[in-house]
Amino acid sequence: MSLIISEVRDRVGILTLNDPDRRNAITLAMNDEIGAVLDQWEADDVIGALVLTGAGRGFCAGADLDDLMAGSNAEEMKAIYDGFLRIAHTPLPTVGAVNGAAVGAGMNMVLACDIAIAGRDYAKFDSRFLQIGIHPGGGHTWRLRQIAGRSTTMAMVIFNQILRADRAKEVGLIWDVVDDADLVDEAVALAALAAGQEKELNARTKASILTLDTVVESDQAVEHEIHPQLWSMSQPTFRTLVESLQKNISSKG
């Protein structure tokens, strides 16, 4: 059985973690399959965005304990996080469709996405690292603080606060809450808005947003955007639009 299911709809690649009997726990083999699919989709001009979800009632139960216990050094531990980092670092716009519990390293899969939406009844978010006696890994605390802030990070990681979908939206961990039956369709519709834009323009803009924490003042903010903006102005999409507008103005004159 493949540990992921991949399909394409409306220029959106849908990647489903597919080990429902184990609540889609992350394994090294699953990470390899995620990487192979993303290699293909990133090179495919037809695919402009990604939706990530889970099979069954669980989104992702975290890292497989056998693989985790086998990690005896830094490189072996980093391999456990390869799948989520592959999603975090893809230039494709990404939408998480959280259909059930996202636990431990499974929460990292949510944090890897550019935005996430959650099913109203079944989604929940549980850091759980400390509760099983392990320090968070994979950049969990950094990403959670970047997305949801210091208080939410402390509450979830140190104080074992488990968030349901509505509360996760309130603290900014996710973008929206939808009916569970509509979750994937809503995620695809959202992703399709990004997929309808130029793929390279999305990639460059996403890179600019993800590196904004290096910007500390106004002039630096202008410099941060000026070169990708100049590049975009030289591309056919923008130039064709401007030429069309100019023709319309001339014809009316």
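For this structure, a couple of remarks:
- Here is the figure for the range 105-128: residues that are crowded, with 23+ Cβ neighbours inside 10 Å, farther than 14 Å from Ala187 by Cβ and at pLDDT 95 or above total 7.
- Options Asp19, Asp10: the member that is of a type in the set (D, E, K, R) and either more than 18 Å from Ala191 (Cβ to Cβ) or crowded, with 18+ Cβ neighbours inside 10 Å (or both): Asp19
- Long-range neighbours under 9 Å by Cβ, at least six apart or interchain, first residue not assigned by TED's automatic domain parsing to the domain that holds Val98 within the range 155-171, second at pLDDT 95 or above and hydrophobic (A, V, I, L, M, F, W, C): none
- So Arg150, is it more than 15 Å from the chain's Cα centre (by Cα) and closer than 16 Å to Phe59 by Cβ: no
- Within the range 136-151, residues that are within 16 Å of Ile87 (Cβ to Cβ) have Cβ atoms under 8 Å from residues that are of a type outside the set (A, V, I, L, M) and in a helix (DSSP H, G or I) in these pairs: Gly138/Phe84; Gly138/Asn108; Gly139/Asn108; His140/Asn108; Arg143/Asn108; Leu144/Thr152; Leu144/Thr153; Gln146/Asp213, counting only partners at least 6 apart in sequence or on another chain.
- Of all residues in the range 37-67, those being touching a helix residue (DSSP H, G or I) at 6+ places or on another chain (Cβ under 7 Å), without any contact (Cβ under 8 Å) to a residue 60 or more places away in the chain and in a loop (DSSP other than H, G, I, E, B) number 3.
- Single unsatisfied condition, Leu201 versus (1) part of a helix (DSSP H, G or I); (2) of a type outside the set (Lys, Arg); (3) exposed (fewer than 15 other Cβ atoms within 10 Å of the Cβ): (3)
- Subset of the range 108-131 [out of contact with any strand residue (DSSP E or B) (no Cβ under 9 Å at 6 or more places or on another chain) and either among the polar types (S, T, N, Q) or closer than 18 Å to Thr27 by Cα (or both)]: Phe129, Gln131
- Qualifying residue in the range 183-190 (condition: in the same structural domain as Thr94 (by TED's automatic domain parsing), charged (D, E, K, R), touching a residue at least 40 places away in the same chain (Cβ under 8 Å) and in a helix (DSSP H, G or I)): yes
- Lone qualifier among Asn24, Asn73 - being at pLDDT below 95 and either closer than 30 Å to Leu130 by Cβ or not assigned by TED's automatic domain parsing to the domain that holds Ala191 (or both): Asn73
- Condition met for Gln246 (under 26 Å from the mean Cα position of the chain (by Cα) and either outside the structural domain of His89 (by TED's automatic domain parsing) or part of a helix (DSSP H, G or I) (or both)): no
- Whichever residue in the range 204-243 is outside any helix (DSSP H, G or I) and of a type in the set (Val, Ile, Thr) and, among such residues, is farthest from the chain's Cα centre (by Cα): Val216
- Top-ranked residue in the range 213-232 [being farther than 25 Å from Arg143 by Cα and loosely packed, with under 10 Cβ neighbours inside 10 Å; ranked as modelled with the highest pLDDT]: Asp219
The values are calculated or read from the model by the stated rules, or taken from the named source; none is laboratory data. Quick caveat: nothing in here was measured; it's all calculated off a predicted structure. Note that each Cβ is placed from the backbone with ideal geometry, even for glycine, and that neighbours are counted across all protein chains shown.
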